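Student: If you scroll down you'll find the structure; I have some questions about it.
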Amino acid sequence: GQQVMQIPQYQHVQEGEDFTTYCNSSTTLSNIQWYKQRPGGHPVFLIQLVKSGEVKKQKRLTFQFGEAKKNSSLHITATQTTDVGTYFCADAGGTSYGKLTFGQGTILTVHP
Amino acid sequence: GAVVSQHPSWVICKSGTSVKIECRSLDFQATTMFWYRQFPKQSLMLMATSNEGSKATYEQGVEKDKFLINHASLTLSTLTVTSAHPEDSSFYICSADRRTGLNYGYTFGSGTRLTVV
């Protein structure tokens, strides 16, 4: 089945530094979703990207969908301690009732 | 916004016993719910898709007789881990499909941490 590779697995940054996590697929993605999971918590939906080359921003977070719709990235500018958690990309499968196929996730640690 | 309530939050059970986990959609009807399993520091792995009024669809490698799923109403899906063993200890999370247009995501329950001793 569809596999989504996500890197890096871990990222440790100092507060104020930037952070980026990348997702790649060997096949074209219909759309991709991003989730954040705080330690001990559950995934919370951040955004969905649908269009080729799409760029969306949410305050300090910038999400990109590659032109070929095979890769995506999440960039956080000037990280804060509240950004700590695991960030997952997920292939939404392209159907209304499509199941999510999650990437491996990137665990972000922010040192104050 | 869409809320999915999952109970219990955590449970400790003895090996060989069964545990039932409930997932309710509080302010919407969920024809389809999904059950995931997550081991520490790992990703979420889909176990099964729960369809209201019909049999669940299990992912490859998931034992349907061990993980019983019932979706009897549009607001409730249950996962029963039967004859639990220590290797079943994990974080189980449900999610529901709440379509509100193009920019929607899935809403997750708060998860159930199962420890089998």
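Student: Other chains' Cβ within 10 Å of A:30-42 residues: what's the mean? If you can, show how the numbers build up before the last one.
Tutor: On the way: counts 0, 2, 0, 4, 1, 4, 0, 6, 0, 0, 4, 4, 14.
Across A:30-42, the average partner-chain Cβ count within 10 Å equals 3.
Student: In terms of the Cα gyration tensor, with a ≥ b ≥ c the square roots of its eigenvalues, is the stretch B:16-57 rounded because a/c is under 1.5, prolate because a/b exceeds b/c, or oblate? If you can, show how the numbers build up before the last one.
Tutor: On the way: a/c = 1.71, a/b = 1.45, b/c = 1.18.
Prolate is the answer for the stretch B:16-57, as a/c is 1.5 or above and a/b outweighs b/c.
Student: How big is the dipole moment of chain B about its Cα centre under a simple scheme where the beta carbon of each Lys and Arg is +1, that of each Asp and Glu is -1, and everything else is neutral? Debye, nearest 20, please.
Tutor: Working: 11 positive and 9 negative charges, 28 e Å.
My answer is approximately 140 debye.
Student: Please report, to one decimal in angstroms, the Kirkwood hydrodynamic radius of the protein assembly as shown built from all distinct Cα-Cα pairs.
Tutor: Numbers: mean 1/r = 0.0551 Å⁻¹.
So the Kirkwood estimate lands at 18.2 Å.
Student: Residue farthest toward the positive end of the dipole of chain A, with Cβ of Lys/Arg at +1 and Asp/Glu at -1: which of A:Gly40, A:Leu108, A:Ala78?
Tutor: A:Gly40
Student: Excluding B:Thr112 itself, what net charge comes from residues whose Cβ is under 14 Å from its Cβ, given Lys and Arg +1 and Asp and Glu -1? Please list the in-between numbers first.
Tutor: Numbers: positive: B:Lys20, B:Arg24, B:Arg37, B:Arg113; negative: B:Glu22, B:Asp88.
That works out to +2.
Student: Tell me, what ³J(HN,Hα) does each residue in the stretch A:102-110 have, in order and in whole Hz, if you take phi through Karplus 6.51 cos²θ - 1.76 cosθ + 1.60 with θ = phi - 60° and put x for Gly and Pro?
Tutor: Couplings: 8, x, 6, x, 10, 8, 9, 10, 10 Hz.
Student: Along the three principal axes, how long is chain A when you take its alpha carbons, biggest first, rounded to the nearest angstrom?
Tutor: 41, 28, 21
Student: Taking 0.36 nm per residue of separation and subtracting the Cα-Cα distance, what length does fully extending B:Ile12 through B:Phe39 add?
Tutor: Details: separation 27, 0.36 × 27 = 9.72 nm, distance 1.60 nm.
Stretched out fully, the B:Ile12 to B:Phe39 stretch lengthens by 8.1 nm.
Student: How much net charge surrounds A:His111 when only other residues with a Cβ under 13 Å from its Cβ are counted (Lys, Arg +1; Asp, Glu -1)?
Tutor: Details: positive: none; negative: A:Glu15, A:Glu17, A:Asp83.
Neighbour charge sum, excluding A:His111 itself: -3.
Student: Roughly how many whole Å is it from the C-alpha centroid of the stretch A:67-85 to that of the stretch B:34-94?
Tutor: Measuring centre to centre over Cα atoms gives 30 Å.
Student: From the cross-link list A:Lys99/B:Lys41; B:Lys14/B:Lys66; A:Lys99/B:Lys64; B:Lys14/B:Lys55; B:Lys20/B:Lys66, which pairs have alpha carbons spaced over 23 Å apart?
Tutor: Working: A:Lys99/B:Lys41 21 Å; B:Lys14/B:Lys66 16 Å; A:Lys99/B:Lys64 18 Å; B:Lys14/B:Lys55 28 Å; B:Lys20/B:Lys66 12 Å.
With Cα atoms farther than 23 Å apart: B:Lys14/B:Lys55.
Student: Considering every residue in B:25-32, what mean count of other chain Cβ atoms within 10 Å of its Cβ is obtained?
Tutor: On the way: counts 0, 0, 0, 0, 0, 0, 1, 4.
Partner-chain Cβ atoms within 10 Å, mean over residues of B:25-32: 1.
Student: Please work through the protein assembly as shown and write down the cysteines that have no neighbouring cysteine Cβ at a distance under 4.7 Å.
Tutor: Isolated Cys, the protein assembly as shown: B:Cys13.
Student: Related question: Compute the Cα gyration tensor for chain B, then decide on rounded, prolate or oblate, letting a ≥ b ≥ c be the square roots of its eigenvalues: rounded whenever a/c is under 1.5, prolate when a/b is larger than b/c in the other cases, and oblate in all that remain.
Tutor: Details: a/c = 1.78, a/b = 1.60, b/c = 1.12.
Note, shape of chain B comes out prolate.
Student: About the Cα centre of chain A, what is the dipole size in debye to 20, counting +1 per Lys and Arg Cβ and -1 per Asp and Glu Cβ, all else neutral?
Tutor: Its charge dipole is roughly 320 debye.
Student: With an 8 Å cut-off on Cα pairs and a minimum separation of 6 or more residues, tell me the relative contact order of chain A in percent. Working shown, then result.
Tutor: Details: 294 pairs, mean separation 41.4, N = 112.
The normalised contact order for chain A reaches 37 percent.
Student: Sticking with this one: Any chance you could run the full-extension gain for B:Ser83 through B:Asn51? It's 0.36 nm times the residue separation minus the Cα-Cα distance, nm to one decimal.
Tutor: Numbers: separation 32, 0.36 × 32 = 11.52 nm, distance 2.37 nm.
Residue separation times 0.36 nm, minus the Cα-Cα distance, leaves 9.1 nm.
Values in this text are rule-based calculations from the coordinates and carry no lab data. Nothing here was measured: the structure is a model prediction, and the numbers come from that model. Because the Cβ atoms are built from the backbone with ideal geometry, glycine has one as well, and the counts that use them run over all protein chains shown.
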